[in-house]
Amino acid sequence: MFYDLNVPYTSGDPEASATLSFLAELGYTTVALSQTIAGKLPPNPTPSPLPSGIPKGLTVLTRLNLPLSDPAQNQRLTSIAQAYDLVALRPTNEKALLNACTNAECDIISLDLSVRHPYHFKFKMLSAAISRGIRLEICYGPGITGSGLEARRNLVGNAMALIRATRGRGIIVSSEAKKALGVRAPFDVINLACVWGLSQELGKEAICAESRKVTALAQLKRTSWRGIIDVVDGGQLPVRSSTAAAPTVKGKHAGPKPKTENGDNLKRKASPGFEQNAEGPEKSLSKREMKRRAKKARLEAALGGSELSSAT
């Protein structure tokens, strides 16, 4: 999965559909259409309508670019971030860069590397942004599409300085191409990153894994509370059907036991030998019962003999 998270777009741009189609042909799966707002923020900024004819299988995100020169400008970043999938800051001075790395709520810090900066990139300042989940973006478009020799020289020098200051961590590479001619294939971008000082493995991560982390973390921020708690299921109990079988516990009925005639829940015990007397052979007699029957037989025999003698 290859990502290009910075494709400039304005509503009604005739080149947008051709650029998206070309990106899909090159193998990109996720593209962010960026909108830049300079100066004072409007009350309720909304993303521009997406262009028609988006290729099948291409995921299109919305992105807001904000040039930052004064740290007081970022007071409404949390509120406007809900309208866009990604929010990127472009600091114009060292003070604004320090504020973006340490305090500002954003997803990407995108520096204009085609101009010469009057300050040096510092590891401590940039690592603070990386530890907060913010990624630093390098855009190769300004150094390709006829920006002049000076812009290309500044892009190469600034990209090498940024990679050296970050130790190659937390870097993503985007095109910032306004036309399809300024877009390069994913493996061409990886080779370009190797020229700047990234290894081939880190160059691939810059347009794959690191870019995916940006989009996943941005979505988590917008769908959860402080990026920690996310409601996945409401927790409603399933509706039980009236015809559903009652639950059993260890093979026995778990519902209420039927009451017997005396009103308690205990079953009445059957008399000893009831079932055997009803169907099986007779139970053996006790000694007391045998003596009683023997005595009865003797009495009957005695009574029978006396009646016979009196008759004769």
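The values are calculated or read from the model by the stated rules, or taken from the named source; none is laboratory data. Keep in mind that what you see is a predicted model, and the values were worked out from it rather than measured. Don't worry about glycine lacking a Cβ; one is built from the backbone with ideal geometry, like all the others, and counts go over all protein chains shown. Just the protein is used for accessible areas: all its heavy atoms, side chains included, with ligands, DNA and RNA removed. Shrake-Rupley method; radii C 1.70, N 1.55, O 1.52, S 1.80 Å.
Scanning the stretch 1-55 for residues that are farther than 24 Å from SER211 by Cβ and over 30 Å from the mean Cα position of the chain (by Cα) turns up SER11, GLY12, PRO14, ALA38, GLY39, LYS40, LEU41, PRO42, PRO43. Taken over the stretch 1-16, the criterion of being polar (S, T, N, Q) and open to solvent by 50 Å² or more (accessible area, probe 1.4 Å) is satisfied by THR10, SER11. Going through (1) over 26 Å from GLU205 (Cα atoms); (2) among the β-branched types (Val, Ile, Thr); (3) modelled with pLDDT of 85 or more; (4) surrounded by 15 or more Cβ atoms within 10 Å (Cβ to Cβ) one by one, ILE80 falls short only on (3).
Just one of the numbered conditions (1) open to solvent by 60 Å² or more (accessible area, probe 1.4 Å); (2) in contact with a strand residue (DSSP E or B) (Cβ under 7 Å, 6 or more places away or on another chain) is not true of LYS95: (2). One residue stands out among those in the stretch 17-73 that are charged (D, E, K, R) and closer than 27 Å to ARG184 by Cβ: the one that is least open to solvent (accessible area, probe 1.4 Å), which is ARG63.
Of all residues in the stretch 155-177, those that are farther than 12 Å from LEU113 by Cα have Cβ atoms under 9 Å from Cβ atoms of residues that are among the polar types (S, T, N, Q) and part of a loop (DSSP other than H, G, I, E, B), 6 or more apart or on another chain, in GLY168/SER199; ALA177/THR145.
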